Amino acid sequence: MIVAGNWKMNKTPSEAAAFVKELIPRVKGAKSEVVVAAPFVALPGVAEAARGTNIKVAAQNMHYEAKGAYTGEVSADMLKDAGADYVIIGHSERRQYFGETDETVNRKVQAATAAGLIPIVCVGESLAQREQGITPEVVRRQVKIALLGVSAETLLSSGLVIAYEPIWAIGTGKTATNEQANEVCHTIRMLLAELYGAEAAAKVSIQYGGSVTAANAKELFAMPDINGGLVGGASLKAADFEVIANA
Ligand code: PGA
């Protein structure tokens, strides 16, 4: 079980470090892996504040090249050195506003695993796609391309996580029902079984994301194919994130 808070473009470096200190006692006994995804500039301070605790640190994006003339970009090695353990890849906001494609997601997954970062790969359908009944195809395609060239060994040794986040549920207060969320996570698990075998598929953590709250986390996380959550809005409040991380 992995519960990750995606702060998006919120919290200055000082606010972020102070927030981690506030979280530490609240999530200390959590049975799940607790992760906070901070803005790039806040990573060193967040990693410092989280050192020696059970809180792991994630970046929200990265570039796929190792270094070079890519003004404004940040590489996997830079994130590692700044104290990140995880990196979110292909969040729907990156796909929607910053031109990310399944192909760039795949390149980032390869670069992240090569650098020893744990990717949290985000997939999910739009409302129109759900209404057209093509959610399984859309999500299968996203996962398949994201994992192109990723061996079973890398899949497992990297700890790669897949986050199913229906776009219509992100930041809207409209959560997928437990059954809807589990159904798509199950589709992803079946695809992983096709690609890597059932044993490997069973070991991959699949998160649900999209308006996870303190009120609905427990039921969502109890579903058989859901191994935790990627939490946006509710991760910005220590009391709410505490409940979710302990759900
Ligand atoms: P939300 O965001 O919890 O605010 O819906 C989830 C996400 O974007 O990961």
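Please determine, by comparing only the residues of region 144-171 that are more than 16 Å from Lys203 (Cβ to Cβ) and among the charged types (D, E, K, R), which one is nearest to the ligand (Cβ to nearest atom).
Among residues in region 144-171 that are more than 16 Å from Lys203 (Cβ to Cβ) and among the charged types (D, E, K, R), the one nearest to the ligand (Cβ to nearest atom) is Glu165.
Could you figure out which of (1) within 18 Å of the chain's Cα centre (by Cα); (2) surrounded by fewer than 16 Cβ atoms within 10 Å (Cβ to Cβ) isn't true of Leu148?
(1)
Is at least one residue of region 64-86 open to solvent by less than 30 Å² (accessible area, probe 1.4 Å), within 16 Å of the ligand (Cβ to nearest atom) and in contact (Cβ under 8 Å) with a residue 12 or more places away in the chain?
Among the residues of region 64-86, at least one is open to solvent by less than 30 Å² (accessible area, probe 1.4 Å), within 16 Å of the ligand (Cβ to nearest atom) and in contact (Cβ under 8 Å) with a residue 12 or more places away in the chain, which makes the answer yes.
With open to solvent by 70 Å² or more (accessible area, probe 1.4 Å) and assigned to a helix (DSSP H, G or I) as the only criterion, which of Glu242, Glu194 stands out? Spell out the reasoning first.
On the way: Glu242 fails: open to solvent by 70 Å² or more (accessible area, probe 1.4 Å).
After applying the criteria, what remains is Glu194.
Taking only region 33-46 into account, find how many residues are buried (at least 20 other Cβ atoms within 10 Å of the Cβ) and closer than 18 Å to Pro119 by Cβ. Break it down stepwise before answering.
We begin by selecting, within region 33-46, every residue buried (at least 20 other Cβ atoms within 10 Å of the Cβ); these are 33-38, 42-43, 45-46.
With closer than 18 Å to Pro119 by Cβ added as a condition, the list becomes 33-38, 43.
The total comes to 7.
Would you mind finding the one in Ala112, Ala202 that is crowded, with 22+ Cβ neighbours inside 10 Å, away from the ligand (no atom under 16 Å from the Cβ) and part of a helix (DSSP H, G or I)?
Ala112
Could you check, for region 123-143, whether at least one of its residues is farther than 23 Å from Gly197 by Cβ, of a type in the set (Ser, Thr, Tyr) and away from the ligand (no atom under 16 Å from the Cβ)?
The answer is yes; a qualifying residue exists.
The values are calculated or read from the model by the stated rules, or taken from the named source; none is laboratory data. Model, not experiment: these values are computed from the prediction. When we count neighbours, we look across all protein chains shown, and the Cβ atoms used for this are built from the backbone with ideal geometry, even at glycine. These area figures cover heavy atoms from the full protein model, side chains too; ligands, DNA and RNA do not enter into them. Shrake-Rupley method; radii C 1.70, N 1.55, O 1.52, S 1.80 Å.
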